[in-house]
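Provided herewith is a single structure, encoded as structure tokens, for subsequent inquiry.
The values are calculated or read from the model by the stated rules, or taken from the named source; none is laboratory data. These figures come from a predicted structure and were not determined experimentally. FYI the Cβ positions are ideal-geometry reconstructions off the backbone, even for glycines, and counts take in every protein chain you see.
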Amino acid sequence: MPSKRFALFITARLGSKRLPNKHLLDLGEIRPIEILIRRLKKLNLPIVLTTGNEEINYGFKDLCKKEGIELFFGDATNIPKRHLEAARELNYDFIFSIDGDDILTAPEGVKAILNKIENADYSNGFYHTDGYPFGVNSGGYSRIFLENALKEFTGNSLETGWGRIFPKNSFVAVSCPSKNAENWRLSLDYNEDLIVFKSIWDHFQNSLFEASTDEILEYFFKNELWKLNGHIIEKYWENFHAERNKEIKKETK
């Protein structure tokens, strides 16, 4: 069976504690993850929603059927391993890793990475966009790269900051200059984030699916939407580091 080469893997789960079932919350005739899926569809690449335990994440089944995308249930606590399982089973060479919390991931960034690797040996690097605000960037890696990285990992859980398993010299930044600031946040973790996305959806409605990232960021900037959720950035990173350190501590036992 020939390789299908490239695919977009959206990583999401329904077990969030801070904002339960956040991907399926109602923004007004649309759910957050549907915005992400429909914006990514214009890239004309296969989309796979990769999640963990089937019983917990069963609610994704109807959504994926409706959107016409693949749903893959894999390792519950090791995201790179889940990606590798899906890449092997579905026969993909290169995975664009999209966080399901990042509703407005820039399709332009995926294109920039694709252009970077199209005629190159992409087997030994983690390619990631650099320049967009938090929650708008994306990354990608080959199946071979994942296999090699996971060979060296002896723990069980890789859910937070899992890029730590990749060699430091393997990160390849793909520049994507854009409007940005340290207090800009476009990722869905807290109710304040949901309010930001609701404001953006109410303004753009269905045109959001085709809107450019620059247009969205211009609206975010002009309407000072960072004032709605910028204050939670410190809390987010405190939680991130605490969760990552828990995982690392378990690895060293």
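Within the range 1-40, how many residues are part of a helix (DSSP H, G or I) and either within 15 Å of residue 72 (Cβ to Cβ) or touching a residue at least 60 places away in the same chain (Cβ under 8 Å) (or both)?
Going residue by residue through the range 1-40, those that are part of a helix (DSSP H, G or I) are 22-24, 32-40.
Filter once more, keeping what is either within 15 Å of residue 72 (Cβ to Cβ) or touching a residue at least 60 places away in the same chain (Cβ under 8 Å) (or both): 22-23, 32-33, 35-40.
Looking only at that region, the number is 10.
For the range 221-238, does any single residue satisfy the condition of being in contact (Cβ under 8 Å) with a residue 40 or more places away in the chain, farther than 15 Å from residue 190 by Cα and either among the hydrophobic types (A, V, I, L, M, F, W, C) or in contact with an Asp or Glu (Cβ under 6 Å, 6 or more places away or on another chain) (or both)?
Looking for residues that are in contact (Cβ under 8 Å) with a residue 40 or more places away in the chain, farther than 15 Å from residue 190 by Cα and either among the hydrophobic types (A, V, I, L, M, F, W, C) or in contact with an Asp or Glu (Cβ under 6 Å, 6 or more places away or on another chain) (or both), one finds at least one in the range 221-238, hence yes.
Just to verify a result, which residue in the range 192-210, among those that are surrounded by fewer than 16 Cβ atoms within 10 Å (Cβ to Cβ) and of a type outside the set (Asp, Glu), is nearest to residue 133 (Cα to Cα)?
195
What is the residue count in the range 166-191 for residues that are buried (at least 16 other Cβ atoms within 10 Å of the Cβ) and not in a loop (DSSP other than H, G, I, E, B)?
Going through the range 166-191 one residue at a time, the tally reaches 3.
With part of a loop (DSSP other than H, G, I, E, B) and in contact with a Gly (Cβ under 8 Å, 6 or more places away or on another chain) as the only criterion, which of 141, 132, 127 stands out?
Working: 141 fails: part of a loop (DSSP other than H, G, I, E, B); 127 fails: part of a loop (DSSP other than H, G, I, E, B).
That would be 132, the only listed residue that is part of a loop (DSSP other than H, G, I, E, B) and in contact with a Gly (Cβ under 8 Å, 6 or more places away or on another chain).
When you go through 174, 136, 196 one by one, which is the residue that is within 19 Å of the chain's Cα centre (by Cα), over 27 Å from residue 52 (Cβ atoms) and modelled with pLDDT of 95 or more? Spell out how you get there, then give the answer.
Numbers: 136 fails: over 27 Å from residue 52 (Cβ atoms); 196 fails: over 27 Å from residue 52 (Cβ atoms).
Residue meeting the stated conditions: 174.
State which residue pairs qualify: first residue closer than 24 Å to residue 239 by Cβ and inside the range 151-176, second residue part of a loop (DSSP other than H, G, I, E, B) and hydrophobic (A, V, I, L, M, F, W, C) in any location, beta carbons under 8 Å apart, and separation of 6 or more residues or different chains.
Taking only residues 6 or more apart or on different chains, the pairs are 165/153.
Has the range 25-43 got at least one residue that is farther than 27 Å from residue 212 by Cβ, surrounded by fewer than 19 Cβ atoms within 10 Å (Cβ to Cβ) and among the basic types (Lys, Arg)?
no
So which of 154, 213 is at pLDDT below 95, among the polar types (S, T, N, Q) and out of contact with any His (no Cβ under 6 Å at 6 or more places or on another chain)? If you could, list the steps in order and put the result at the bottom.
Details: 213 fails: at pLDDT below 95.
Result of the check over 154, 213: 154.
Condition first: in contact with a Phe, Trp or Tyr (Cβ under 9 Å, 6 or more places away or on another chain), in a helix (DSSP H, G or I) and touching a residue at least 24 places away in the same chain (Cβ under 8 Å). Now tell me which residues in the range 68-107 satisfy that.
Those that are in contact with a Phe, Trp or Tyr (Cβ under 9 Å, 6 or more places away or on another chain), in a helix (DSSP H, G or I) and touching a residue at least 24 places away in the same chain (Cβ under 8 Å): 79, 80, 81, 82, 83, 86, 87, 90.
Sticking with this one: Kindly indicate whether residue 208 is assigned to a helix (DSSP H, G or I), out of contact with any Asp or Glu (no Cβ under 7 Å at 6 or more places or on another chain) and at pLDDT 95 or above.
Working: assigned to a helix (DSSP H, G or I): yes; out of contact with any Asp or Glu (no Cβ under 7 Å at 6 or more places or on another chain): yes; at pLDDT 95 or above: yes.
It is true that residue 208 is assigned to a helix (DSSP H, G or I), out of contact with any Asp or Glu (no Cβ under 7 Å at 6 or more places or on another chain) and at pLDDT 95 or above.
Anything in the range 26-41 that is of a type in the set (D, E, K, R) and more than 24 Å from residue 7 (Cβ to Cβ)? List them, or say none. Can you show your working first?
First, pick out the residues of the range 26-41 that are of a type in the set (D, E, K, R): 26, 29, 31, 34, 38-39, 41.
Correct list: 26, 29.
Within the range 118-134, does at least one residue satisfy the condition of being small (Gly, Ala, Ser), touching a residue at least 12 places away in the same chain (Cβ under 8 Å) and closer than 13 Å to residue 5 by Cβ? Walk me through it before giving the result.
Taking the range 118-134 first, the residues small (Gly, Ala, Ser) are 120, 123, 125, 131.
When the remaining residues are screened for being touching a residue at least 12 places away in the same chain (Cβ under 8 Å), the result is 123, 125, 131.
Narrowing the set further to residues that are closer than 13 Å to residue 5 by Cβ leaves 123.
Yes, some residue in the range 118-134 is small (Gly, Ala, Ser), touching a residue at least 12 places away in the same chain (Cβ under 8 Å) and closer than 13 Å to residue 5 by Cβ.
Report every pair of residues separated by at least 6 positions or lying on different chains whose Cβ atoms are under 8 Å apart, first residue within the range 193-210 and free of Cβ contacts under 8 Å to residues at least 24 places away in the same chain, second in a helix (DSSP H, G or I).
Going by the 8 Å Cβ cut-off, the qualifying pairs are 203/219; 204/216; 204/219.
If residue 239 satisfies every condition in (1) closer than 23 Å to residue 27 by Cβ; (2) surrounded by fewer than 16 Cβ atoms within 10 Å (Cβ to Cβ); (3) within 19 Å of the chain's Cα centre (by Cα) but one, which is the exception?
Just one mismatch for residue 239, condition (1).
As an exercise: evaluate residue 184 against (1) touching a residue at least 60 places away in the same chain (Cβ under 8 Å); (2) touching a Pro at 6+ places or on another chain (Cβ under 7 Å) and give the number of the one condition it does not meet.
So the condition that residue 184 fails would be (1).
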